[in-house]
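Trainee: Take this structure, written in structure tokens, and hold onto it; I'll ask about it next.
The values are calculated or read from the model by the stated rules, or taken from the named source; none is laboratory data. From a predicted model like this one, the values you see are computed outputs, not experimental measurements. Cβ: placed from backbone, ideal geometry, glycine included. Neighbour counts: every protein chain shown.
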Amino acid sequence: MVVKVIKNFFNKTFGGFFGKKKEIVLGFYGPPNAGKTSLANKICKDWTGEEIGTVSKVPHETRNVQIREKVEIEYNGKRLTLKLIDTPGIATKIDYEEFLKFGMGKKDSQKRAKEATQGVVESIKWLDDVNLVIVVLDATLNPYSQVNITIIGNLIARKIPVMIVGNKTDLKKADLRRIQSAFPEYDTVGISAKSGKGMKDFYELLFKTAKKV
């Protein structure tokens, strides 16, 4: 009993000096064009001054996993060290004709579709490595989609802590309540990654969810 008490005292007193700071592997998941990269960019800009990737109105702009190591963030005197994993958008079907609408030629569209499909496979593989996931959804769209249900289902099966972000709340059609009703078992926060609206609430929820890791 005495040995246990001494051990606990040592851990509490000196653990902060000798203990290794835990790095959370944070994955951004969601359908194409929901704003995953925009949010990852916002976090990186806030804490490192640099972005993680480029964004575009064309679906599947992010076709490879993008990684940013050791992003240290602070909120209300607390700190987190994050490894950000920005994944390509998840889709159940990717048709090259989808890209023709954006002025791309047939050959380029077929190449983009192939790369996007490979990106989806890569995104799923990374679920073996992440220990916290942010699901980014477009708050202007109906959340009851096959893609969103598939993503959430995978995360439930793997028992990975999740928080849901309803992005684009600066737009008139945004309705965060629809997302909250669709996935009531998860904490949800509304933001605009573009304008920075709601980021204070985002960081508060992130630190709360990180406790489950």
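Trainee: Might you check whether a residue that is part of a loop (DSSP other than H, G, I, E, B), among the hydroxyl-bearing types (Ser, Thr, Tyr), more than 18 Å from Trp126 (Cα to Cα) and at pLDDT below 80 occurs anywhere in the range 60-81?
Mentor: Checked against the condition, which is being part of a loop (DSSP other than H, G, I, E, B), among the hydroxyl-bearing types (Ser, Thr, Tyr), more than 18 Å from Trp126 (Cα to Cα) and at pLDDT below 80, the range 60-81 yields no hits at all.
Trainee: Consider the range 137-154. How many of its residues are within 15 Å of Ala34 (Cβ to Cβ) and in a helix (DSSP H, G or I)?
Mentor: Final tally of qualifying residues: 7.
Trainee: At pLDDT 90 or above, surrounded by fewer than 21 Cβ atoms within 10 Å (Cβ to Cβ) and closer than 20 Å to Asp128 by Cβ: is that true of Val25 in this structure?
Mentor: Here the answer is yes, as Val25 does meet what is asked.
Trainee: Quick check on the range 72-91. Is at least one of its residues polar (S, T, N, Q), out of contact with any helix residue (DSSP H, G or I) (no Cβ under 7 Å at 6 or more places or on another chain) and under 30 Å from Thr48 (Cα atoms)?
Mentor: yes
Trainee: Would you mind stating whether Thr188 is over 13 Å from Ile90 (Cα atoms), touching a Lys or Arg at 6+ places or on another chain (Cβ under 9 Å) and of a type in the set (Ser, Thr, Tyr)?
Mentor: no
Trainee: Which numbered condition trips up Val165, out of (1) crowded, with 16+ Cβ neighbours inside 10 Å; (2) touching a strand residue (DSSP E or B) at 6+ places or on another chain (Cβ under 7 Å); (3) part of a helix (DSSP H, G or I)?
Mentor: Every listed condition holds for Val165 apart from (3).
Trainee: Now, a different point. Give the number of residues within the range 21-51 that are within 15 Å of the chain's Cα centre (by Cα), under 20 Å from Lys200 (Cα atoms) and among the aromatic types (Phe, Trp, Tyr).
Mentor: 1
Trainee: Right, something else. Take Ile134 and decide whether it is farther than 14 Å from Lys36 by Cβ and either at pLDDT 95 or above or within 17 Å of the chain's Cα centre (by Cα) (or both).
Mentor: So Ile134 does not fit the description; no.
Trainee: Just give me the residues in the range 170-197 being of a type outside the set (A, V, I, L, M), farther than 22 Å from Leu155 by Cβ and outside any strand (DSSP E or B), in sequence order.
Mentor: If the condition is that a residue be of a type outside the set (A, V, I, L, M), farther than 22 Å from Leu155 by Cβ and outside any strand (DSSP E or B), then Asp170, Lys172, Lys173, Asp175, Lys194, Ser195, Gly196 are the ones that fit.
Trainee: Okay, moving on. Taking into account only those residues within the range 142-154 that are without any contact (Cβ under 8 Å) to a residue 40 or more places away in the chain and surrounded by 15 or more Cβ atoms within 10 Å (Cβ to Cβ), which is farthest from Gly30 (Cα to Cα)?
Mentor: Asn154
Trainee: While we're here: Cβ-Cβ under 8 Å, sequence separation 6+ or interchain: first residue in the range 109-125 and buried (at least 16 other Cβ atoms within 10 Å of the Cβ) and in a helix (DSSP H, G or I), partner of a type in the set (Lys, Arg) and modelled with pLDDT under 75. Which pairs?
Mentor: From residues that are buried (at least 16 other Cβ atoms within 10 Å of the Cβ) and in a helix (DSSP H, G or I), the pairs are Arg112/Arg63; Ala116/Arg63; Gly119/Arg63.
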